[in-house]
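Working notes, structure below.
The values are calculated or read from the model by the stated rules, or taken from the named source; none is laboratory data. Keep in mind that what you see is a predicted model, and the values were worked out from it rather than measured. FYI the Cβ positions are ideal-geometry reconstructions off the backbone, even for glycines, and counts take in every protein chain you see. The area values use the complete protein model at the heavy-atom level, side chains included, leaving out ligands, DNA and RNA. Shrake-Rupley method; radii C 1.70, N 1.55, O 1.52, S 1.80 Å.
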Amino acid sequence: MGDGEEAKLQLLLEWLKLNGVELRCCNIKYNDSNKGFGVYSSDGATDGVLLVVPLNLAITPMRVLQDPMLGPVCSAMFEEGEVDDRFLIILFLTFESIRKNSSWRPYLDMLPTTFGNPLWFSEDEMLDLRGTTLFTATELQKKSLQSLYDDKVKELVKKLLILDGDSESEVSFNDFLWANSIFWTRALSIPLPRSFVFPSIQEEDHNHASNTELADGDNGKMNKIFLHCVLLFVSELAVSFSSIEEETVWVEGLVPGIDFCNHDLKAAATWEVDGTGSATSVPLSMYLLSVEEAGLQTGEEISISYGNKGNEELLYLYGFVTDNNPNDYIMLHYPAGAIKDVPFSQTKLQLLEAQKAEMRCLLSKNLLDHGFFSNKKEAKDNVKEKEAVNYSWSGARKTPSYLNNLVFPQEFLTCLRTIAMNEDEVFRVSSLLEELVNSEGDRLPSDIEVRAAVWEACGDSGALQLLVDLLNTRMMDLEEGSGTEDSDTELLEKMCCYENKKPEKGKSNGTNEASKNQEMSRNKWASIVYRRGQKQLTRQFLKEAEHALQLALSESN
């Protein structure tokens, strides 16, 4: 860390202290070029409280709505449904990062300017993601962000800068992209006290509204607008009215100080909110609490957990991956546009809706624990006997022997069964449902009854064959641009050897080090780890699907 960075860090620490932040048993210091800055323990905390931040320093949607400059315009946009709560924070960060006299400057200057998520990949680096879900998702996200910037952000920030007395500064798409990445890499879910989200309004009841408005003038109007927007904001988060009445409302936001903690699956600390001051002596504060009973060693990094996320989510949101991530998953879906080309598409679409079928599914690594090829006996023993959701009217079609080893969600298999039906099977389903309705009066069959009729008509083999085809297609897409899983492993092993055999400073090992280093950039390594994990899981789930198909065919299912 250079002198300039050290000076910025000192300014940040002074700014945090000035704003009531207490670094009780920790320090913020530089880690490395990959992690940047982190939070490290100092002297042992007897009560486990490591760091305390007043909630009024948190950057939340409520803060933006109350901001003298951004509040009025954001309230209008939010009330009309043009933007969501996350956009408010991203807009705030964009504006404040450009303002010449921002009171947030010591904090903003310490935030990273480069990111490892695919939005910041070069064209060459994006090629390493070909065939993966992230490749398409990143392209779509960048287009969406560019459109949002062009339609709403560019002119708005320019007007705000002029209102702020700055007619010279310019806003760029990269400023907005930076703010977007800062939000997604640093935002936390904050359990705020209800009283903090819903501040008291200067009016006793609806009958006195006009008197209060006259007394408070513009402040009274702003209070009403703010409260209305907060109600909309809570609704946007899908928080029910009953939970609003409770003591806690979960809100996304940035918490300066705590947001310098890096991620670890085995987190050293968690964050809590102290509404009354009983835990920290600082009412309405958020604090870091050590989770280690024995306490942290001096100089140990204080990590927090970003959640049980797979590499796809970690790379997309945060710009890093974990090798052999236990939370990895693949997303599998049947293309919605392809249904129109299958026979009896309209009838099948109606059946899909009636069955509440899912056209996509998340296949997580832990599902394989109770699959056909799992070595984890304990996991298998703990699997509950699945009830046969699909029953047979005739009794001719027996419950599959493989039911408890199927690792694929029934809602997705239901979708595939329906799509795979041939002409005779479609008519058989219609006949069964008509018979059911006629025998029990004029009523619509339930989703379970429709599923049963579909299974009675066609069994599992058609669905499992379609599943095998989808997984094979996915594997071909993954391998098309980057080769096999073994190819990825070989690349990672070469990189590991290179990292372990770097020459000492000033010496050479006779190879083109600059070329090697460029070839094995951090982004490239993360992409290879991610895509290899996708290939591994796809291969394993394909093996499960092929075995299930063999069993289904042998049992005439």
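Structural remarks
- Taking the listed residues Leu12, Leu51, Leu88, Leu70, the one that is surrounded by 18 or more Cβ atoms within 10 Å (Cβ to Cβ), free of Cβ contacts under 8 Å to residues at least 60 places away in the same chain and within 28 Å of Thr114 (Cα to Cα) is Leu88, with no other qualifying.
- Conditions (1) within 39 Å of the chain's Cα centre (by Cα); (2) at pLDDT below 90; (3) hydrophobic (A, V, I, L, M, F, W, C): number failed by Leu436: (1)
- Hits in the stretch 275-307 - residues which are open to solvent by less than 30 Å² (accessible area, probe 1.4 Å), of a type in the set (A, V, I, L, M) and more than 22 Å from Arg186 (Cα to Cα): Val282, Leu296
- Filter result for the condition that a residue is over 28 Å from Gly38 (Cβ atoms), of a type in the set (Lys, Arg) and modelled with pLDDT of 90 or more, over Lys376, Lys356, Lys380, Lys340: Lys356
- Scanning the stretch 310-357 for residues that are open to solvent by 30 Å² or more (accessible area, probe 1.4 Å) and either in a loop (DSSP other than H, G, I, E, B) or among the basic types (Lys, Arg) (or both) yields Phe320, Thr322, Asp323, Asn324, Pro326, Asn327, Pro335, Lys340, Pro343, Phe344, Lys356.
- Selection of first residues in the stretch 259-274 that are closer than 24 Å to Ser181 by Cα and open to solvent by 10 Å² or more (accessible area, probe 1.4 Å) and of second residues that are assigned to a helix (DSSP H, G or I) and acidic (Asp, Glu), restricted to Cβ pairs under 6 Å at least 6 apart or on distinct chains, gives an empty result.
- Residue within the stretch 429-449 that is within 20 Å of Cys361 (Cα to Cα) and part of a helix (DSSP H, G or I) present: yes
- Scanning the stretch 463-492 for residues that are touching a residue at least 12 places away in the same chain (Cβ under 8 Å), open to solvent by 20 Å² or more (accessible area, probe 1.4 Å) and under 20 Å from Thr133 (Cβ atoms) gives Leu466, Leu470, Asn472, Arg474, Met475, Asp477, Glu479, Glu480, Gly481, Ser482, Thr484, Glu485.
- Leading residue by the ranking (nearest to Gly319 (Cα to Cα)) among those in the stretch 91-115 that are β-branched (Val, Ile, Thr) and open to solvent by 10 Å² or more (accessible area, probe 1.4 Å): Thr114
- Members of the stretch 404-429 found to be free of Cβ contacts under 8 Å to residues at least 60 places away in the same chain, out of contact with any helix residue (DSSP H, G or I) (no Cβ under 7 Å at 6 or more places or on another chain) and either more than 24 Å from Pro343 (Cβ to Cβ) or surrounded by 14 or more Cβ atoms within 10 Å (Cβ to Cβ) (or both), listed by number: Asn404, Pro409, Gln410, Glu411, Phe427
- Unique residue being surrounded by fewer than 20 Cβ atoms within 10 Å (Cβ to Cβ) and within 24 Å of Phe115 (Cβ to Cβ) when the list is Ser189, Ser167, Ser181, Ser195: Ser189
- Pick from the stretch 116-132, criterion open to solvent by less than 50 Å² (accessible area, probe 1.4 Å) and among the polar types (S, T, N, Q), ranking: nearest to the chain's Cα centre (by Cα): Asn117
Conditions tested, residue by residue: (1) touching a Pro at 6+ places or on another chain (Cβ under 7 Å); (2) within 22 Å of Asp175 (Cα to Cα).
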residue	(1), (2)
Glu22	no, no
Ser42	no, no
Val53	yes, no
Leu70	no, yes
Glu80	no, no
Leu91	no, yes
Thr94	no, yes
